[in-house]
1. Put +1 on the Cβ of each Lys and Arg and -1 on the Cβ of each Asp and Glu in region 284-427; which of Thr310, Leu400, Val416 then has its Cα farthest toward the positive end of the dipole?
2. Under a 1.4 Å probe, what is the accessible area of region 455-602 per residue, stated in Å²?
3. When only Cα pairs under 8 Å and 6 or more residues apart are kept, what is the percent relative contact order across the chain?
4. With every protein chain left in place, what is the accessible area per residue of region 200-277 in square angstrom, probe 1.4 Å?
5. Leaving ligands, DNA and RNA out of it, report the carbon-plus-sulfur percent of the accessible area of the chain at a 1.4 Å probe.
6. From Cα pairs below 8 angstrom and at least 6 apart in sequence, can you work out the relative contact order of region 435-477, rounded to a whole percent?
7. Going by Cα centres, region 460-500 and region 552-608 are how many Å apart?
8. Could you give the distance between the Cα centres of region 508-530 and region 312-332, to the whole Å?
Amino acid sequence: MRNTVPTTCMRCAVGCGHVNQSVDVGYGIDIVRGDVAHPVNQGLACQRGIRESKEPEGRWLTRPLIREGDELLPTTWDVALGRVVERFASTIGHDRDGLAVLGSGQQTNEAAYALGKLARGGFGTRYYDANTTLCMASAVTAYYDAFGSDAPPCTYDDIPDARSHVVWGANPAVAHPVMFRWIQESANDDSRLIVVDPVESETGTVADTHVSPDPGGDLALARAVLARLVERDAIDDAFIDAATTGFDALRADLPTAEEGATTAGVALDVVDQLADAFADSTLLYWGMGVNQSTQGTATAGALIDLCLATGNLGPGTGPFSLTGQANSMGTRVCSSKGTWPGHRSFDDPDEQAVVADAWDISTERLPDDAGPGPVGIVEAVDDGPVETVWTVATNPVAGLPDAGTVRERLDEAFLVVQDAFRTETVELADVVLPAATWGETDGTTMNMERRVSRVRSVTGTPTGVRTDLDIIIAIAEGVVPGLMGRSNPRDVFEELTTLTAGTSADLSGISYPRLEEEKAVRWPAPDPTSSGGYRYHDDGDWSFATPTGRARFSTATHRGLPEPTNEEFPLTLTTGRTADGYNTGVRSRPPEADAPPLVRVHPDTLDSLDIHGETAVVTSRRAEIPVRTDPNSAVPRGVVWLSIHHPRTNELTLPATDPRSDEPNYKQCAVRLAPRPDERTVANRAEVTGDD
């Protein structure tokens, strides 16, 4: 019998409602379509979300594996879990920080909460991350700096009312297609779309204006725009005086518009065009092009400053960070990474006591601090206490910067990998735990505008596969019996929402029955009838979660790139998403896919390097990889572009991180590009002999 259920797409963070229908016989999904009753997308759905739900690529894991010598061999769940429990218990028995855990924004809220509870309250390790540090940490830190609280103040409801849409360091046409349709519909004849991106992306090609700063020049450009607004006396003094603090200090340290433009690599008239946009109701969206930088927090803060200085805060306006992974927001709210559930302050003793009481443990069992991000966690295998690593729905061997070093370090650790697909990280594992994926698991997720909605299973799984939540509960019972208490998704969600009561991210008014009726509910929702709207704004009055109740300006200015080009490495590598790439492409790469990544390079750059073949080699200070060349004038001269989701790209990238958010600097590193040695030899021989 076919089974038809409403659920939520887990490809990206837009949070579209889907309706899934199972196959007639066996396991799998036969039909996927948009859910017309879902309040987020009202029936819209992108083809990639449909395809990756129904027919994902990749090599599926169907039973547990255990390492014997150089091989991963099939085993039973009892043997696999026994090996994991024994190793975890032994590790934390002599050093609780010897066990590291890497989670993911691909988990449900329930699984993310349970994993965080086990990592923090059971193991007590500081070496835990929910993977959002790789994409959203800089935006999170900037939101806290400005507003005293995480998450965008604006929602999807504000998109139709904006007259200027400024998309900065993001490519929603590829990353968030359904949301981009709303932006395009709003940016009509009397509105405008401006895209700021070194590369003319798919979003940039349809924009009214495309601004191309130098890679890493975003902070300088944002400060140049603000300086220009100050010069024009185009700031909103009334809003600044009524609702903010710190503007005078920022203005005193601003470079001139000309200085900022020069540093950013743009002309002053480009700065003027951006400044003009803020005269109208403006939504400013940004993504990984801003966040994934050693200046990510500072740049995100500078973008928020532009909104504050021009009074672009309130319905139809504001700073809107675009979240990458499907449940990146949920892992921030639920998983005990940078804050306790509900955004409770991690280092506040009173909040620690609330969490410890809810989990029925002592506060001494909790770690003293939130620990480093994934880069620091893997480094701790080499020069710190970490000897055992557990990864859940994440692929650090392909996804972390300086991936070759990551591979070496994880190969030294006892590695437990929990995933639905046979990833690059699986190949290094000592134990592999096969997990259920979209359409096979129950729970909830949270999209980028703070809406919680249901994720439902439409099909069963093979007997060798379990859900993330089931696996986490089983490991918890083996290592710290009695910690978890609740084991089914509905009960875990109730425990989570109760713990968030009274917080800025209050979910206590959301329940499974309410989600059955309303499909999706936006937090804060402190009671069964409330649902959050635009944050910090109520009937014309402003109230922020800061000590003064006012929004705070930031003061950072451009400080240079962590790895500038030089004579040996004269080009800048930048990275981005492709339409078929997400989460290291594990759902979109055919099992046999092993082609070198496609490098986009301006034709003039290729000519200057005497590269005329279809293949080449990209070299950074960390690695050398073969590539296929794509002459592409959308990429500026002197820049090379690679997909962040190809498994070889991050062998090149730089492990430097933002000093405040721990987010890696994926977007700029110095490289050189050369013909492949065999092609160079052929070309030289032809030159000598006169052959062609």
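1. Final value for the positive-end residue is Thr310.
2. On the way: 6560 Å² over 148 residues.
With the other protein chains kept in place, region 455-602 gives 44 Å² per residue.
3. On the way: 1640 pairs, mean separation 139.4, N = 692.
Worked out over the chain, it gives 20 percent.
4. Heavy-atom accessible area per residue stands at 40 Å².
5. Numbers: 11220 of 24770 Å².
Using a 1.4 Å probe with all protein chains present, the chain comes out at 45 percent carbon and sulfur.
6. On the way: 45 pairs, mean separation 18.5, N = 43.
Value for region 435-477: 43 percent.
7. Taking the Cα centre of region 552-608 as reference, the centre of region 460-500 is 38 Å away.
8. First find each Cα centre; the distance between them is then 19 Å.
The values are calculated or read from the model by the stated rules, or taken from the named source; none is laboratory data. Computed from a predicted model, the values in this text were never measured in an experiment. Positions of Cβ are generated from backbone atoms using ideal geometry, with glycine treated the same way; all protein chains shown enter the neighbour counts. Only protein heavy atoms, including side chains, enter the accessible area calculation; ligands, DNA and RNA are left aside. Shrake-Rupley method; radii C 1.70, N 1.55, O 1.52, S 1.80 Å.
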